[in-house]
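Some notes on the structure that comes next.
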Amino acid sequence: MKDIRENLRSQLDFFYQWEKERPEKVFLRQPFGDEWKTMTYREAGQQARKIATALQELGLKKGDHIGIFSKNCYHWVLADLAIMMGGFVSTPFYPNLSTEQTKVVLEKSDAKLVFAGKLDQWDNINAAIPADMPIIKFPHYQGNAKVDRGHEWADLIAQHELMLGNPLPNITDTWTILFTSGTTGTPKGVVHTYENAALIINAELIKDNLKVGQVEENVFFSFLPLNHIAERTAVEIGAFMSGGSISFAESLDTFAKNLQETQPTLFFAVPRIWTKFYMAVIAKLPQKRLDTLLKIPIVSGLIKKRIKTSLGLSNANMIMTGASITPEPLKQWYRSLDINLREVYGMTENFGGFSLMPEHDHKAHTVGRPLPFCEGKTDPDTGEILMNVPWVMKGYYKDPELTAAVIKDGWLHTGDRGEFDKDGYLKIIGRVKDAFKTTKGKFVVPTLIEGRFAESEMIEQICVAGLGIPQPIALVNLSEAAASLPEQEVRAVLSQQLQHVNQQSSKHELVSTVVVTKDAWSPDNQLLTPTLKIRRASIDDQYMEQYKNWHESDMKIIWEA
């Protein structure tokens, strides 16, 4: 096996290569209604070079931190390129934070300037940015909030000269500081260097884990937040490395249409997206009818091709799912359509890459095997997953004590509980700290129970809770499919699912009650993270006063009043 540390090249170095070798090739595609505006590698390089010059003339020095507040769009990538060209450090943020959350991460980041652009809300972010902090605002995106202060992007492009040459950072320089989504408390700034990105690139060049080397023209579709490590790695770095193109979604309403029009070669989504796709298909083609059609040889192939095309996956060579565990029945359903969802497991601290499901050796209820160059084991006392990866973070920004508590003797302590089987496959059991103790003194691991409930197409989101009561209860958000059905029918299905789940559970894990909450959980009400993971502490804060009454109710299925 080749040495992964030989000939390390940063993602910026690769961009310069394509800028020179493929100047007229489309690099970025941005939808505006029914039209797509495109930008070639040459055009992207010119804009980034001018913005890099503008940053220098605004007084920023090499190593200064620069924030990005924006949903995904081509200006996000251009800003990121400019930051790298100027030798600065990017500190991108989730675009849907509250004012208080924005203040916290902005202060922690030590940002000297921020880019602001495509946003649903500007006022909450604006209120958190100090009056004397420079802002560069992207050109306005129709249908989004207007950023009403700062330097105009177009003016800076018109006023500044190109940055000449191909300036490169030292490979050990800090590239970015990514702030975690805060499922377990205050967001932490995870420091990654260009070396980590280069190691990920070399691993791909050597082993072709994401299969980008098997595609002549790599086409990427970007919709998960670009400040999330998985999107930044698979999509942005993937495009830089391969000379591919990145297309964006205009909005949630146009997401499906934009994806259909892109037909990417690589696609990564979280379980909630795969559930929504599944529900959209069976809403038009009920499962019994689909099962019948899939049994007819010629028709089966046509149906599969039609569904793949309608989902935007007809050209997809690599399809991944991650961020949280995808229910096994959902993956089996996709495999029946020849759509192989490959589970990937990683975290911000390890650059999003530790394990991947092998293409042809799927093992149910696991997240695959460790990637090449990665080692894993579990703590014999707690079951915590420990990993040794080449691209581990350099630490938490300005927090050496927490860094030392998480990285010990070269091993990253993930906070996740799991187990490796004899073939090296990893099963995730849940977060070490997510387990809670009922009043009976028994510990309950909620993730396993939630996974069993998630098999039901009636459930969009679920949180198993139980602090202060003898047995756990399950709080659920209904899916769109369930919301359109009579309550009696939904109650019957949920009751059947509750019985099915309890048949697989130990006595102390038996769920006493399923509660249908009246309000949907979302990042806006702080019950989900920006990556759509549940915030258990926030859910406990909101509902805990009712746990006892719900548990003691004579009804097994309850609608929150």
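Only Lys, Arg, Asp and Glu carry charge here, each on its Cβ (+1 for the first two, -1 for the last two); on that basis the range 52-132 has a dipole of about 180 debye about its Cα centre. Counting only DSSP beta bridges whose two residues both lie in the range 1-156, roughly 30 percent are antiparallel.
A Cβ-based charge dipole, computed about the Cα centre of the range 477-549 with Lys and Arg at +1 and Asp and Glu at -1, lands at about 240 debye.
Fully extending the segment from Ile298 to Lys62, taken as 0.36 nm per residue of separation minus the present Cα-Cα distance, adds 78.8 nm. Helices that extend 18 Å or more along their long axis by alpha-carbon positions and average at least 1.6 on the Kyte-Doolittle scale are absent among the DSSP H runs of the chain. Charging the Cβ of each Asp and Glu at -1 and of each Lys and Arg at +1, and nothing else, the dipole of the chain about its Cα centre rounds to 920 debye. The distance between label points at Glu401 and Lys276 comes to 4.1 nm (points 7 Å beyond Cα on the Cα→Cβ vector). Along the range 382-396 the Karplus relation, 6.51 cos²θ - 1.76 cosθ + 1.60 evaluated at θ = phi - 60°, assigns HN-Hα couplings of 9, x, 5, 7, 10, 9, 10, 10, x, 9, 5, 4, 7, x, 8 Hz to successive residues, with x for each Gly and Pro. A dipole drawn for the chain from +1 and -1 charges on Cβ atoms has a positive end, and of Leu199, Val299, Trp36 the residue lying farthest that way is Val299.
As an exercise, use a Förster radius of 35 Å and the Cβ-Cβ distance of Glu359 and Ala154 to find the FRET efficiency, rounded to the nearest 0.05. Efficiency for this residue pair is about 0.15.
Which residues in the range 434-472 have a backbone N closer than 16 Å to a point placed 7 Å from the Cα of His508 along the Cα-to-Cβ line? Within reach of a label on His508, which here means backbone N under 16 Å from a point 7 Å along Cα→Cβ, the range 434-472 contributes 434-449, 465-472. Extension gain for Glu552-Arg22 works out to 184.1 nm (0.36 nm per residue, less the C-alpha to C-alpha distance). Distant-in-sequence amide contacts of Glu460, defined by a placed amide H-H separation under 5 Å and a gap of 5 or more residues or a different chain, comprise Asn477, Leu478, Ser479.
Once both labels are positioned 7 Å from their Cα atoms along Cα-to-Cβ, the gap between Lys305 and Lys440 label points is 5.5 nm. With the simple spin-label model, which puts each label point 7 Å out from Cα in the Cβ direction, the Glu560 to Phe32 separation comes to 4.1 nm.
Compared with the direct C-alpha span, the chain from Asn315 to Lys433 gains 38.4 nm at full extension, assuming 0.36 nm per residue. Here is the link list: Lys25/Lys304; Lys108/Lys433; Lys288/Lys331; Lys305/Lys331; Lys207/Lys331; Lys108/Lys408. Which ones come out longer than 28 Å on Cα distance? Over 28 Å apart, Cα to Cα: Lys25/Lys304. With a Förster radius of 30 Å applied to the C-beta separation of Asn170 and Lys211, the computed FRET efficiency comes to 0.45. Shown here are the Rg and Dmax of the Cα trace of the chain, at 23.8, 74 Å.
The antiparallel fraction among DSSP beta bridges confined to the chain stands at about 55%. In the full protein context, the range 406-486 carries 42 Å² of accessible surface per residue, based on a 1.4 Å probe and ignoring ligands, DNA and RNA. When Rg and the Kirkwood Rh are both derived from Cα coordinates, the Rg/Rh ratio for the range 440-488 amounts to 1.06. With a Förster radius of 35 Å applied to the beta-carbon distance between Val493 and Glu545, the computed FRET efficiency rounds to 0.80.
The values are calculated or read from the model by the stated rules, or taken from the named source; none is laboratory data. Note that this is a predicted model, so its numbers are computed, not measured. Cβ atoms come from the backbone with ideal geometry, glycine included; neighbour counts cover every protein chain shown. These accessible areas exclude ligands, DNA and RNA; they are computed on the full protein's heavy atoms, side chains included. Shrake-Rupley method; radii C 1.70, N 1.55, O 1.52, S 1.80 Å.
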